[in-house]
Every structure is written in structure tokens, then in C-alpha cells.
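Q: The structure is given below, and queries will be raised subsequently.
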Amino acid sequence: VHARYMRLMLLLLLLDTTEGDEAEDELRRFLPSAINQLDPSWYGFAWPVLAIRLSDAAIRLTALDDAARMYDLLLPHAGRNAQEGGGVSFLGCFSHHLGRLAATLARWDEAGEHLAAGAAQHERMGAAADLARTRLEWAAMLLARRRSGDAERARDLLGQALAAARKLRLVTVERRAV
């Protein structure tokens, strides 16, 4: 279990290096079998962390079949928080991740609903960093969807995400929002 998770994390990190092409090829081979073996009864408290990281991989690779499978696996958890071991690590709410997966699949209405729910949940919890990330993803979805009024709403969300990112020193969120 830990070896599979560590391999996944290494491959995700390598995507942003000079070894990115090789890591992407290996990750594309790794992802379907890892999703097939994603059994909550086996992974227990580690299941949410592995599920979120597999979702990240599917999104980063734009692996549509894998993203659709992860969407279906995460959907029953909408409205809940993704955390490991009763709160050892917090990965935001599942609605945020469902919104990202739905956006990857160009399921715009579902993406908007999940991201709105995720933003509301993060705001209620006072999870400012996660709220900034959700607003950033929501804006990206709106800009990709390109319906009437989406650009204006995206600008508003980006402004909110940028202000929070600067206040909290979230450099990656700040860079993406700019």
C-alpha cells in the first residue's frame, strides 16, 4: 500500500522535472491498475488520500477514462472532507475534487455545482487556503466553459483567490491566479 502511494507521489513530482515525459508515460500505465485496486476496505483511513492523489494524476494527464472512474468513486463522498486518519492530513472537501474532475470531463454544470458547494464548505469551515484553491479552480472552469457571464464571474473569483493567496503566501495559487 505505502509503496504504491510513494510511487504515485514520486511520479506526480517528476511530471514537473526534466524527467516529466518518462514519468507521464509510467503514470499513464500505473493509473488504471491503481484505480482498479482502490478499495476502501483495504486502504482504510488512507483511502481518501490515495483517491485524491489518483484524481490529481487523472486530471494532470487529462486521462478522461480514469477521471470518469475517479469521479464515480468520489461522488458518494460529496459534501464530506477528504482527510486521512481522522484528521492527520486535510485535503479539502471532496466537492472541490469532484468539481475538478467534472471540469476535466467538460461536465460543466456538474463542475460548477461541485465547486460552488466546495467553496461554500471551505468558507463555512474557515479553510481559507482551500477556499482560495477552490475559487481558482472554479474560475478556470468558467474560463474553459465560456458561457455568457462566465468571464466576469471568473474575474471576480480570481480576484478573491489572488487576495487570499497573497495574504496567506500561497505562491502557486497566486501565480496561477495572475
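Q: Among the numbered criteria (1) open to solvent by less than 50 Å² (accessible area, probe 1.4 Å); (2) under 30 Å from D25 (Cα atoms); (3) not charged (D, E, K, R), which one does V171 miss?
A: Failing condition for V171: (1).
Q: State whether the residues of the stretch 121-141 include one that is touching a Cys at 6+ places or on another chain (Cβ under 6 Å) and farther than 21 Å from A46 by Cα.
A: Among the residues of the stretch 121-141, at least one is touching a Cys at 6+ places or on another chain (Cβ under 6 Å) and farther than 21 Å from A46 by Cα, which makes the answer yes.
Q: Taking the criterion of being under 14 Å from the mean Cα position of the chain (by Cα), surrounded by fewer than 22 Cβ atoms within 10 Å (Cβ to Cβ) and in a helix (DSSP H, G or I), would at least one residue in the stretch 79-92 satisfy it?
A: The answer is no, given that none of the residues of the stretch 79-92 is under 14 Å from the mean Cα position of the chain (by Cα), surrounded by fewer than 22 Cβ atoms within 10 Å (Cβ to Cβ) and in a helix (DSSP H, G or I).
Q: Mind counting the residues in the stretch 5-37 that are hydrophobic (A, V, I, L, M, F, W, C) and open to solvent by 80 Å² or more (accessible area, probe 1.4 Å)?
A: Here the count works out to 2.
Q: Mind telling me which of the residues A164, A151, A106 ends up being of a type outside the set (K, R), over 19 Å from V49 (Cα atoms), open to solvent by less than 70 Å² (accessible area, probe 1.4 Å) and not in a helix (DSSP H, G or I)?
A: After applying the criteria, what remains is A106.
The values are calculated or read from the model by the stated rules, or taken from the named source; none is laboratory data. All figures in this text were calculated on a predicted structure; none of them were measured in a lab. All Cβ positions, glycine included, derive from the backbone under ideal geometry; neighbour counts span all protein chains shown. The protein model used for the area step is the full one, side chains on, heavy atoms only, and it has no ligands, DNA or RNA in it. Shrake-Rupley method; radii C 1.70, N 1.55, O 1.52, S 1.80 Å.
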